[in-house]
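Notes follow the structure.
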Amino acid sequence: MKNNFKPKNKVLAIVASPRKGGNSEIIADLFIKGVRALNLEDETINITDLKFSSCVGCESCRKDNVCKRFNDDMTSIYKKIIDSKGLLLVSPFYNYNITAWMKAFLDRLYCFYDFELPRPGRWGSKLSNQNRLAVTASVCEQLDEEDINFTLSAMDKPMQALGYKVVKNIKVLGSFEKKSIIKNKKILDEIEAAGKELAEKLLTNY
C-alpha cells in the first residue's frame, strides 16, 4: 500500500453541528485549549459551514488522494488531513447516529483507501503506519451511555480503518439545551485534559 505522507504534530478538529456556539463547538474549543497547552499547531473546521456533496462511489478519487468528481469545499480539507497527525471528530447525537454532515465527510475520505485487484481482496489505507491518533466526541440528551455508543462507533470504525488509533471517546450525556455543557465543570475539565493527553501522545509518538 502506498504510504508517502509525512504528517506533522498538528491537531485538526472537525465539528459537524449546525448549532453555532452550542455544545459541540464548546467541546472542540476546550479540547483545542488542552492541545495548545503543549504548543501544538491546531485548526478547527465546522463542516456545516462548507458546501460539499456526499460520495457517489465513482471510485475515481483514489488515483489522486482527492475527490475530483466534485469541485467543492471538501477538496481543501484533504491536505489538512494529510498534514495533521491528530484528529478530533465531534458530532452531536442525531437519531442514534452521527449527523449527515459527519457521515458525508467520512464517506469522502474514501480516497485514502488502497484496494488490490481483483476485488474483493486485500485493502489498506494511505494514512496508516504514521502514528496518527484520533479522539471522537458526541453530546446527547439521553442519560444512558449505551445510547451514545453507536454514534461514537460510527466515527471510531472509519478512523480505525483509515489507520488512526482512537485513543479516547468523549461522552457528554444529559445535555440538550444550547451551551448546557458549561454547567458541568467535571466534563469541561475532562475535555480539556483529553486535548492535552492527545498532544502529549503525539509528541512522544505514544
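The values are calculated or read from the model by the stated rules, or taken from the named source; none is laboratory data. Since the model is a prediction, treat every value here as computed from it, not as a measurement. Here Cβ is always computed from backbone atoms with ideal geometry, including for glycine, and neighbour counts include all displayed protein chains. We work out accessible area using only protein heavy atoms, side chains counted, and drop any ligands, DNA or RNA first. Shrake-Rupley method; radii C 1.70, N 1.55, O 1.52, S 1.80 Å.
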Query raised in the report: Are there any pairs with C-beta distances below 7 angstrom linking a residue in region 158-179 that is in a helix (DSSP H, G or I) to a residue that is open to solvent by 30 Å² or more (accessible area, probe 1.4 Å) and modelled with pLDDT of 95 or more, with the two at least 6 apart or on different chains, and if so which?
Result: 159/166; 160/166
Query raised in the report: Quick check, is residue 67 farther than 30 Å from residue 173 by Cα and open to solvent by less than 40 Å² (accessible area, probe 1.4 Å)?
Result: yes
Query raised in the report: Taking the condition closer than 22 Å to residue 78 by Cα, touching a strand residue (DSSP E or B) at 6+ places or on another chain (Cβ under 6 Å), among the hydrophobic types (A, V, I, L, M, F, W, C) and at pLDDT 90 or above, does residue 135 pass?
Result: yes
Query raised in the report: Tell me, which residue of region 47-56 that is in contact (Cβ under 8 Å) with a residue 24 or more places away in the chain and in a loop (DSSP other than H, G, I, E, B) is surrounded by the most Cβ atoms within 10 Å (Cβ to Cβ)?
Result: 55
**Report entry** Output for region 87-135, where each listed residue is aromatic (Phe, Trp, Tyr), under 15 Å from the mean Cα position of the chain (by Cα) and not in a helix (DSSP H, G or I)
**Finding:** 93
Report summary line: Those residues of region 101-127 which are closer than 19 Å to residue 4 by Cα and not basic (Lys, Arg) amount to 109, 110, 111, 112, 113, 114, 115, 116, 123, 124, 125, 127
